[in-house]
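Visitor: Below is a structure I'd like to ask you about.
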Amino acid sequence: MAGGCAIFCTIMSGVAVPFLLFFGLLCLNEFPMIEIPVHMKPDAGKGCFAAAFLYAGTFLYAYSKMQAAAEKAK
């Protein structure tokens, strides 16, 4: 069961990192389609980058657990 959870977390964090980086870039460039007040966009962009960094750490941890489960199954 731990292998299934690790696979799920790896996929979810692998998808989240590019999205958060993209949203962070949009916010830092004050893209008008992001509907938050203009004065809050730089902080929102920094928050997106911080969240992407945390998700990248989650990805690495879950991927290592997924590999460990695969080695254990052999």
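Visitor: Can you tell me which residue among I7, I11 is hydrophobic (A, V, I, L, M, F, W, C), more than 14 Å from the chain's Cα centre (by Cα) and either outside any helix (DSSP H, G or I) or closer than 21 Å to M66 by Cβ (or both)?
Guide: Values: I11 fails: more than 14 Å from the chain's Cα centre (by Cα).
Criteria check complete, one pass: I7.
Visitor: Oh, and also: Say whether the condition of being acidic (D, E) and either surrounded by 12 or more Cβ atoms within 10 Å (Cβ to Cβ) or in a helix (DSSP H, G or I) (or both) is met by at least one residue in segment 40-48.
Guide: Yes, some residue in segment 40-48 is acidic (D, E) and either surrounded by 12 or more Cβ atoms within 10 Å (Cβ to Cβ) or in a helix (DSSP H, G or I) (or both).
Visitor: For I34, are the conditions met, namely being surrounded by 13 or more Cβ atoms within 10 Å (Cβ to Cβ) and not in a helix (DSSP H, G or I)? Break it down stepwise before answering.
Guide: Numbers: surrounded by 13 or more Cβ atoms within 10 Å (Cβ to Cβ): yes; not in a helix (DSSP H, G or I): yes.
So I34 passes the test.
Visitor: Among all residue pairs at least 6 apart or on different chains, which show Cβ distances below 6 Å where the first residue, located in segment 6-21, is at negative phi and the second is of a type in the set (D, E) and outside any helix (DSSP H, G or I)?
Guide: No pair meets every condition.
Visitor: When you look at A73, is it out of contact with any strand residue (DSSP E or B) (no Cβ under 9 Å at 6 or more places or on another chain) and either β-branched (V, I, T) or within 20 Å of A16 (Cα to Cα) (or both), yes or no? Steps first, answer last, please.
Guide: Working: out of contact with any strand residue (DSSP E or B) (no Cβ under 9 Å at 6 or more places or on another chain): yes; either β-branched (V, I, T) or within 20 Å of A16 (Cα to Cα) (or both): no.
Considered against the rule, which asks whether it is out of contact with any strand residue (DSSP E or B) (no Cβ under 9 Å at 6 or more places or on another chain) and either β-branched (V, I, T) or within 20 Å of A16 (Cα to Cα) (or both), A73 comes out as no.
Visitor: Within segment 53-74, track down each residue that is exposed (fewer than 13 other Cβ atoms within 10 Å of the Cβ), within 12 Å of G3 (Cα to Cα) and either of a type in the set (K, R) or modelled with pLDDT of 95 or more (or both).
Guide: Once the filter is applied, which keeps residues that are exposed (fewer than 13 other Cβ atoms within 10 Å of the Cβ), within 12 Å of G3 (Cα to Cα) and either of a type in the set (K, R) or modelled with pLDDT of 95 or more (or both), segment 53-74 yields only K72.
The values are calculated or read from the model by the stated rules, or taken from the named source; none is laboratory data. Keep in mind it's a predicted model, so treat the numbers as computed, not measured. Please note: Cβ atoms are built from the backbone with ideal geometry, for glycine as well, and neighbour counts cover all protein chains shown.
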